[in-house]
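The values are calculated or read from the model by the stated rules, or taken from the named source; none is laboratory data. Keep in mind the model is a prediction, meaning the values are calculated, not measured. Here Cβ is always computed from backbone atoms with ideal geometry, including for glycine, and neighbour counts include all displayed protein chains. Side chains are part of the model used for accessible areas, which takes the heavy atoms of the whole protein and leaves out ligands, DNA and RNA. Shrake-Rupley method; radii C 1.70, N 1.55, O 1.52, S 1.80 Å.
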Amino acid sequence: AQSVTQPDIHITVSEGASLELRCNYSYGATPYLFWYVQSPGQGLQLLLKYFSGDTLVQGIKGFEAEFKRSQSSFNLRKPSVHWSDAAEYFCAVGTGGGADGLTFGKGTHLIIQP
Amino acid sequence: EAEVAQSPRYKITEKSQAVAFWCDPISGHATLYWYRQILGQGPELLVQFQDESVVDDSQLPKDRFSAERLKGVDSTLKIQPAELGDSAMYLCASSSPKQGVNTEAFFGQGTRLTVV
């Protein structure tokens, strides 16, 4: 069975600083990887996804993520954060071309300092 | 923009009562998922439908939870009787996977359930 680990429960970043959120996965075959963002009391919004091909994927809101098979990682990055980026971020792994249900990490809570 | 609709947004119910949530997926999406998200945790899959058929309900507590998607469109998730530990956000998602085409799941706003 697959699993996802997000090592950081909370991260605090100053507005305008760069951001990296860590994600490690465990899955025996080719993973389908996702990053979602969730504002308080809201549903999940997809930031980006990796299915195959270029290991550096671009997403919405200026986010990008890099798939590193050798490290079983899919870290999320943003060069300069904005106060509106404060939210909960979830990494997820899927199988079956994305058709199967996703396995999520426990999330990283991002706090933006003025 | 098409979106997954869920209702109600919030529900407070007493322990041992029955409660139901409704989900209307994006039009044309054949696959529908129900997830449960406990506060401070990531979502966990409860049940997955392909059209009207259940394809995965291995994590659904079947003694008290039931889910149906009778016409392969909208879906209802029911809890009877509700327990205090059922307090959580219940998220519905849909996708339209086609053979050979990778896809993604779109999530609704969720139903926040509080059992008192």
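For segment A:72-95, which residues satisfy the criterion of being more than 8 Å from the chain's Cα centre (by Cα), open to solvent by less than 10 Å² (accessible area, probe 1.4 Å) and closer than 20 Å to B:Thr103 by Cα?
A:Val93, A:Gly94
Would you be able to say whether some residue in segment B:10-33 is within 11 Å of chain A (Cβ to nearest Cβ), modelled with pLDDT of 95 or more and open to solvent by 70 Å² or more (accessible area, probe 1.4 Å)?
yes
I need the strands (runs of 3 or more DSSP E) fully contained in segment B:55-97, keeping only those with at least 3 residues that are surrounded by fewer than 20 Cβ atoms within 10 Å (Cβ to Cβ).
Because the criterion is at least 3 residues that are surrounded by fewer than 20 Cβ atoms within 10 Å (Cβ to Cβ), the strands (runs of 3 or more DSSP E) in segment B:55-97 that meet it are B:65-68.
Here is a yes/no grid of residues against (1) part of a strand (DSSP E or B); (2) within 14 Å of chain B (Cβ to nearest Cβ); (3) surrounded by fewer than 19 Cβ atoms within 10 Å (Cβ to Cβ); (4) at positive phi:
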| residue | (1), (2), (3), (4) |
| --- | --- |
| A:Ile11 | yes, no, yes, no |
| A:Glu20 | yes, no, yes, no |
| A:Leu47 | yes, yes, no, no |
| A:Lys61 | no, no, yes, yes |
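Can we say B:Gln37 is more than 9 Å from every other protein chain (Cβ to nearest Cβ) and in contact (Cβ under 8 Å) with a residue 40 or more places away in the chain?
Judged against the criteria, B:Gln37 is not a match.
Within 24 Å of B:Phe106 (Cβ to Cβ) and not hydrophobic (A, V, I, L, M, F, W, C): does that describe A:Gln113?
no
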